[in-house]
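Q: Structure in structure tokens, see below.
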Amino acid sequence: MKTSFIFAVLSGCQLLSGTGLAQAQTKLVTGSQTPMPASEWIDQDTGHRVVRLTPMDGNNNSFYFHNRPFLAASGGNGERMVFYHSDAQGKQLRTIDLKTRQVVPLTRYFKQVGGEIVAPKRREVFYQTGDSVYATHVDTRKTRLVYVFPQDFRASITTLNADETQLGGAWSSDAEKEISRQYPEKKDYFRRIYDSKLPRTLFTVSAQGGKLTKLFTDTAWLNHVQFSPTDPNLLMFCHEGPWELVDRIWTIDTKSKKVTKVHQRTMDREIFGHEWFAPDGKTIWFDHQLPRGATFFVTGTDLKSGKEKKCELSRDEWSVHYTISPDQKVFAGDGGYPSSVAHSPNGQWIYLFRPDGDKFQAEKLVNLAKHNYHLEPNVHFSPDGKWLIFRANFEGENQVYAVEIAKAAS
């Protein structure tokens, strides 16, 4: 098989094939043509190389920002990424080899499928369609039924614990589901669900199947459920709703059932959310505004000491979601749109953030002025920390892209 451009870069090799080099040297305004004339180019506004990872054979979407999509390629030779593909036949999960860019279907097509969770040790991907949870092995494509939710407890999985023995998620009542059915747009259901104060229940399900454990019930809107990447018994969740009205971030010990508030509000209209665990599990990071829409930070709470570290950024640099690199030295964000909370007229960028004391030094990597933020880009660092992977629609349909963090040679 001919070595492709993405193989050369992601493996750290500096030698590019003639075709790849010619494409890589093409400087273009990202999204200036639909579709773009090449699958890789240098962003004219930033000087960084951008690669379309997915073929233009329908809509392709990478995962939500805290759902890690990677696992080792077969034989440990590089990395694979799991993503969603949709076309006229329906929706399925696929994998892409980040060296060769070879795409392989993982599951059959479904009318609806979600709850995507990669289990790198098991080499399985968990997902849910209707009331049924399945797991498919990434090498053999062997699929097993993990669990079927009973009629009186129709819930959704969202996370897998560190030792890959327990799936987690939240159950919502039929009354809440009816609100979502009647008001499918977020702007219509969001405040209604928050105001309803209907019960929600956190739960776990054995990854081997057969056992459901109910952990905690509250009339708060329990959401954004994530297991720690290192502590198999620590589950994070939020109180969903208008951020200025909720104490959002909490954890629960799945053995002792102890519930702990992660961050204490310090002023009126302070907001904090879109929380995620650091790779070492020691810190929970989150978007933090003091107060809402005024000053902007990424803040981390040390789970052992409770001490917090804030890094300030500008209004234009505020992002819908943030993330941290595998070595925990740099951060990234997916930018924001003019009508978002920051109301920035120039915020539509993929950003890299380097901490400098109590501030971030920002670098723009991709200009997303032509991207419709109705689709949130949701950045992920590649496993080697050299690329940022995101989804975007500036070519007319949803596709998955990677931008090289190192600047392209001029």
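Only the coordinates and a few stated rules stand behind these numbers; no lab work does. Given the structure is predicted, the values throughout are model-derived calculations rather than measurements. For neighbour counting, all protein chains shown are included, and Cβ atoms are generated from backbone atoms with ideal geometry for every residue, glycine included.
Q: If I take every Cα pair under 8 Å that is 6 or more residues apart in segment 69-112, average their sequence separation and divide by the length, what percent do I get for the relative contact order?
A: 29
Q: Then there's this: With labels modelled as points extended 7 Å from the Cα through the Cβ direction, what inter-label distance (nm, one decimal) is found for residue 292 paired with residue 153?
A: Once both label points are built, they end up 3.5 nm from each other.
Q: Roughly speaking, what is the stretch gain from residue 384 to residue 397, that is 0.36 nm per residue apart minus the C-alpha to C-alpha distance, in nm to one decimal?
A: 1.9 nm
Q: May I have the pair-distance distribution P(r) for segment 69-141, computed from all Cα-Cα distances with 5 Å bins from 0 and rounded to whole percent?
A: Whole-percent P(r) values from 0 Å outward: 4, 17, 30, 25, 15, 7, 3, 0.
Q: Does segment 273-388 classify as rounded, prolate or oblate by the C-alpha gyration tensor (a ≥ b ≥ c root eigenvalues; a/c under 1.5 gives rounded; else a/b over b/c gives prolate, otherwise oblate)?
A: Oblate is the answer for segment 273-388, as a/c is 1.5 or above yet b/c matches or exceeds a/b.
Q: Another question, then. Sticking with the crude label model, points 7 Å out along Cα→Cβ, report the distance from residue 359 to residue 408 in nm, one decimal please.
A: So the label points at residue 359 and residue 408 sit 3.0 nm apart.
Q: Given the options 140, 251, 107, state which has the largest fluctuation in a GNM of the chain using a 10 Å cut-off (strictly under) for Cα springs.
A: Of 140, 251, 107, the Gaussian network model singles out 140 as fluctuating most.
Q: How big is segment 140-280 by the Kirkwood estimate over distinct Cα pairs, in Å?
A: 16.1
Q: How would the chain be classified by its alpha-carbon gyration tensor: rounded, prolate or oblate, with rounded meaning a/c under 1.5 and the a/b versus b/c comparison settling the rest?
A: oblate
Q: Quick check on my link table: of 261/304; 197/304; 99/386; 329/359, which ones sit more than 22 Å apart, alpha carbon to alpha carbon?
A: 197/304
Q: Something else: Dipole of segment 279-410, Cα-centred, from +1 at each Lys and Arg C-beta and -1 at each Asp and Glu C-beta, to the nearest 20 debye?
A: Dipole size: approximately 240 debye.
Q: Now, a different point. For segment 214-278 and segment 341-385, what is the separation of their Cα centres, given in Å?
A: Going from one Cα centre to the other spans 25 Å.
Q: Using Cα pairs closer than 8 Å and at least 6 residues apart in sequence, work out the relative contact order for the chain, in percent.
A: Reported as a whole number, the value is 13 percent.
Q: Which one of 289, 362, 256 has its Cα pushed farthest toward the positive end of the charge dipole of segment 238-368, where Lys and Arg give +1 and Asp and Glu give -1 at the Cβ?
A: 256
Q: Given charges of +1 on the Cβ of Lys and Arg and -1 on the Cβ of Asp and Glu, with all other atoms neutral, how large is the dipole of the chain about its Cα centre, in debye to the nearest 20?
A: 740
Q: Tally Lys and Arg at +1 and Asp and Glu at -1 over the other residues with C-beta under 9 Å from the C-beta of residue 351: what net charge comes out?
A: -2
Q: Suppose every Lys and Arg Cβ carries +1 and every Asp and Glu Cβ carries -1, with no other charges. What dipole size does segment 69-141 come out with about its Cα centre, to the nearest 20 debye?
A: 120
Q: Could you tell me the center-to-center distance, by alpha carbons, between segment 292-313 and segment 31-68 in angstrom?
A: Their Cα centres are 31 Å away from one another.
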